[in-house]
1. Restricting the search to segment 98-117, which residues are in a helix (DSSP H, G or I) and surrounded by fewer than 23 Cβ atoms within 10 Å (Cβ to Cβ)?
2. Filter the helices (runs of 4 or more DSSP H) completely within segment 1-97 down to those with at least 3 residues that are under 24 Å from HIS181 (Cα atoms).
3. When you check ALA226 against the structure, is it within 16 Å of ligand 1 (Cβ to nearest atom) and part of a helix (DSSP H, G or I), yes or no?
4. Given the criteria outside any loop (DSSP other than H, G, I, E, B), touching a residue at least 40 places away in the same chain (Cβ under 8 Å) and of a type in the set (Lys, Arg), does LYS263 qualify?
5. Sort through ARG169, ARG152 and tell me the only one that's farther than 28 Å from GLU117 by Cα, modelled with pLDDT of 80 or more and either more than 16 Å from the chain's Cα centre (by Cα) or in a strand (DSSP E or B) (or both).
6. Mind listing just one residue for me: the one in segment 86-101 that is away from ligand 2 (no atom under 16 Å from the Cβ) and of a type in the set (A, V, I, L, M, F, W, C) and, of those, nearest to VAL50 (Cα to Cα)?
7. Among the candidates SER54, SER66, SER42, single out the residue that is touching a residue at least 40 places away in the same chain (Cβ under 8 Å), buried (at least 19 other Cβ atoms within 10 Å of the Cβ), more than 24 Å from ILE192 (Cβ to Cβ) and within 23 Å of the chain's Cα centre (by Cα).
8. List the pairs whose first member sits in segment 210-223 and is part of a loop (DSSP other than H, G, I, E, B), whose second member is more than 9 Å from ligand 2 (Cβ to nearest atom) and modelled with pLDDT of 75 or more, and whose Cβ atoms are under 6 Å apart, counting only residues at least 6 apart or on separate chains?
Amino acid sequence: MNQSQPLLTIVVPCYNEEEVLKETISQLTFILDGLRKEELISDASKILFVDDGSRDRTWSLIAMESTNNDYVTGLKLARNVGHQKALLAGLEKAKSKSDCVISIDADLQDDISVIREFILKYHEGYEIVYGVRNSRDTDTFFKRATALGFYRFMNRLDINLVYNHADYRLMSKRVLEELGHYHEANIFLRGIVPLIGFKSTKVMYDRKERFAGETKYPLKKMLSFAWNGVTSFSVTPIRFITFLGFFLFFLSGIAGAYALIQKSFGDTSNGWTSLILSIWFLGGIQLVGIGIIGEYIGKVFMEVKKRPKYAIDIDLYTESLGQLQPLEKELLAEKKFI
Ligand code: UDP
Ligand code: MG
């Protein structure tokens, strides 16, 4: 084994991915084999599948493959915690033993042939390599439009995102260690990684269609993801409310002056319409304001608790490194195939 080659771990979060897993494993294995033969990565490189509380056969597939295929190892989370946290679980696990880590979705919508380019960039000294989509032709019109809107909106709010980059990226060990210093509970990796800094670059690729299974990001999850991204990174919504307050203040000044002038001409009607309108209008504005402020208070509430983000049920990764005590090994063997 060539010790000087970097140990790569590919982290793959999986939620109900039984339909794609076999194909994903065989394609990633093929890529790793190639890279190893070229001596671009170490023989001990791994694919770490994080089972995010799947309800189908995802975990048993991972556990089974891990016994046949030396690259494959797994982490079973105790329940479904969502893509970002599942990914983080894998990254934190892989950190100790990897020189670099690539994160990718289980459905291989992101072109895995550019993994080689990621590694070449790493050899050139880049610490972060962002996979960036060339086009979104394969996405539905709806997904494309909402995603575009999302990037535009985030940019408006001064949140620095790499355009058309999802969670397909390479990070070096140093970056992962820095990432470990971000303790926020509402983790939004796409926003945090550019904040870390270090030498980074982009690699372009074409995004494909999911070859099996269906998206695990329905509209509801997408909206909550976007909303989370906004409120954990920006105070602009609160500023907007303040601005609105000033604007209304200005407006009511004008309206007040107008009313006084009308009165001085003796032209007063019974002001029911304006009264009821302003009650509704101001009531609405106030509620929006309180709601948004409440959102941030909720965030503070979640952050101060410092809750763990996930719990690991079964850890094949540590086993694959040969770091388990005999008793631990026995326990693991008992529950591995559930
Ligand atoms: N995923 C996850 N937990 C979830 C939802 C999704 O780990 O609660 C994983 C999923 O298995 C996939 C990745 O996150 O590997 C991205 O999901 P998907 O491909 O369905 O999203 P899309 O590409 O449609 O945005
Ligand atoms: Mg996908």
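1. Of everything in segment 98-117, those that are in a helix (DSSP H, G or I) and surrounded by fewer than 23 Cβ atoms within 10 Å (Cβ to Cβ) turn out to be ILE112, SER113, VAL114, ARG116, GLU117.
2. Ranges flagged: 83-95.
3. The answer is yes for ALA226.
4. Against the criterion (outside any loop (DSSP other than H, G, I, E, B), touching a residue at least 40 places away in the same chain (Cβ under 8 Å) and of a type in the set (Lys, Arg)), LYS263 does not qualify.
5. None of the other options fit; the residue is ARG152.
6. ALA89
7. On inspection, the qualifying residue turns out to be SER54.
8. ALA212/GLU19; ALA212/VAL20; GLY213/GLU19; GLY213/VAL20; LYS216/TYR15
The values are calculated or read from the model by the stated rules, or taken from the named source; none is laboratory data. Since this is a predicted model, take the numbers as computed values, not measurements. Positions of Cβ are backbone-derived with ideal geometry, glycine not excepted, and every protein chain shown enters the neighbour counts.
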